[in-house]
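The values are calculated or read from the model by the stated rules, or taken from the named source; none is laboratory data. No experiment lies behind these values; they were computed from the predicted model shown. We place every Cβ from the backbone using ideal geometry, glycine too, and count neighbours over all the protein chains shown. Just the protein is used for accessible areas: all its heavy atoms, side chains included, with ligands, DNA and RNA removed. Shrake-Rupley method; radii C 1.70, N 1.55, O 1.52, S 1.80 Å.
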Amino acid sequence: GYGNLNSLEGEISETVDRSKRLKLNKGDSQIIYDFFSRIQLTSPNFVYLIDLNDEGCLRNVFWIDSRSRAAYGYFGDVVAVDTTCLSNKYEIPLVAFVGVNHHGQSILLGCGLLADDTFESYVWLFRAWLTCMSGRSPQTIITDHCRAMQSAISEVFPRAHHRLHLSHVMQSLFENLGELQESDVFQMILNSTVYETVKVDEFEMGWDDMIRRFGLADHAWLCTLYEERERWAPVYQKDTYFAGMCTFENGDFRSSFFDGFVHKQTSLKEFFGKYELLVQEERKTEAINDLESRDSSPLLKTRCIYELQLSKLYTNEIFRRFQDEVVMMPCFSITQVHANGPVITYMIKEHEAEGDRSNIKNFEVMHDKAGTEIRCICSCFNFNGYLCRHCLCVLHYNGVEEIPYQYILSRWRKDFKRLYIPELGSNNIDISNPVQWFDHLHRRAMQVVEEGMISQDHYTVAWQAFKESLNKVRLVADKHV
């Protein structure tokens, strides 16, 4: 770093390419070291990794705590990489891995500080993160538009679906179109094309019409964006799972764990001062939401059997989102349009706006009665993790009394037991390796601790079990004296 240098060290440092090392102010390296040391005292499974350049200067840093590693086991299907601070040249070059929990709440899955936004730095960061996650890649990775990061993701996560934040794409689009960003007509046509089309040919036709109408055929940046449309346009994402992290509605927000707390001039010292408070607040909020979901019964708005079914299973927030679909169910007409054995295709007609009978949208729903599978062209299940009103309408039409189990994800359930203990591998350990002894025993002991916190009776049983175990271990030790 740039700590207290004597004259000789100062002369040497001038020969080092500063672009290849972490930008630190005086005392920052000590702040990082003190923070990591303090956390490790209270969290033995806290991990940090550092990357040094050829001259021995700090280049990149990554850290993750025990709970985040464990949470990834439940919520690692979709991960957003937030590079707002790095790409916008904030004082602190922060990169955050963000997921979404069973309440639809953003959760932190690791952090890094990078010297730059190059391919090499991103590859190091992604490999460090993947190593801490036992090599298990997410299904979907959502990022901002960055060529270097895109290449790094292809290198480290070749099987993951890499998608771009739609809100970031739309913001960049307006910023690159000059005077057109002030045109209400252009904004209306663009939003309609991006957010409202449900078929690829509708999107293609709408985009072509927009290009011709506003004379944008020679706009190089727009052409490049169009070539990458499969990474950001919702109509191409129907087979990609997003767990509600991207709503694909006009005004879609970007997931950011530190939004509102880290600003352009936030120093490293200020950041680490806030970091622990933010993480604690996140976990406190989750615990409160767990209690409220477990102890309360949501108010039902309809007599729909699906609403009653999931009110007993989903957390309050996810049920509320699903309930919005149920409330809109009666507003449809349904027609069978094709049959291929047990697979029936239905056409659902929906009025675009309440009270507006002129604009009608059609949604195709395929239902396999034999395999109890159902799929809508709107792809609500892949986008949000629960069935849409169109699928519910078809299930009801066919007399299906309960939503099939495969469409009730455990990640949204309030009755699913989640123990935030990281899975450190199999039970097959090297009996000659004391480090593996510790990891294995610590993991098992922490499982007892988590279970023992459920109630006073659980605590009493866990405490008694610990005392009995300790006595037995001491007897073994006495035999060897």
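Here are the numbers:
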| read-out | value |
| --- | --- |
| Percent accessible area from carbon and sulfur atoms, the chain, protein chains only, probe 1.4 Å | 52 percent |
| For a label point 7 Å along the Cα-to-beta-carbon line of Glu373, residues of region 398-416 with backbone N under 14 Å | 406-407 |
| Separation of the Lys467 and Gln436 label points, Cα + 7 Å toward Cβ, nm | 3.5 nm |
| Straight-distance crosslink candidates among lysines, where the alpha carbon sits under 28 Å from Lys269 and sequence neighbours closer than 8 are dropped | Lys20, Lys23, Lys26, Lys89, Lys284 |
| Solvent-accessible ranking of Thr335, Thr131, largest area first, probe 1.4 Å | Thr131, Thr335 |
| Debye intensity ratio in log₁₀ form over the Cα atoms of the chain, taken at each q of 0.06, 0.09, 0.10 Å⁻¹ | -0.36, -0.77, -0.93 |
| Sites matching trypsin sites (Lys or Arg not before Pro) across region 62-121 that sit in DSSP coil, with at most 13 neighbouring C-beta atoms within 10 Å | Lys89 |
| Residues of region 48-73 with amide N under 14 Å of a point placed 7 Å along Cα→Cβ from Ser267 | none |
| Extreme residue, positive dipole direction of region 28-282, given options Gln280, Gln181, Ser121 (C-beta unit charges) | Gln280 |
| Cut-off 19 Å (backbone N to label point 7 Å along Cα→Cβ of Asp34), residues of region 83-104 | 92 |
| Distance between modelled label sites at Met328 and Lys26, nm, 7 Å Cα→Cβ extension | 5.9 nm |
| Accessible area per residue, Å², the chain with all protein chains present, probe 1.4 Å | 53 Å² |
| Area of Phe416 that stays accessible when all protein chains are in place (1.4 Å probe, Å², to 10) | 80 Å² |
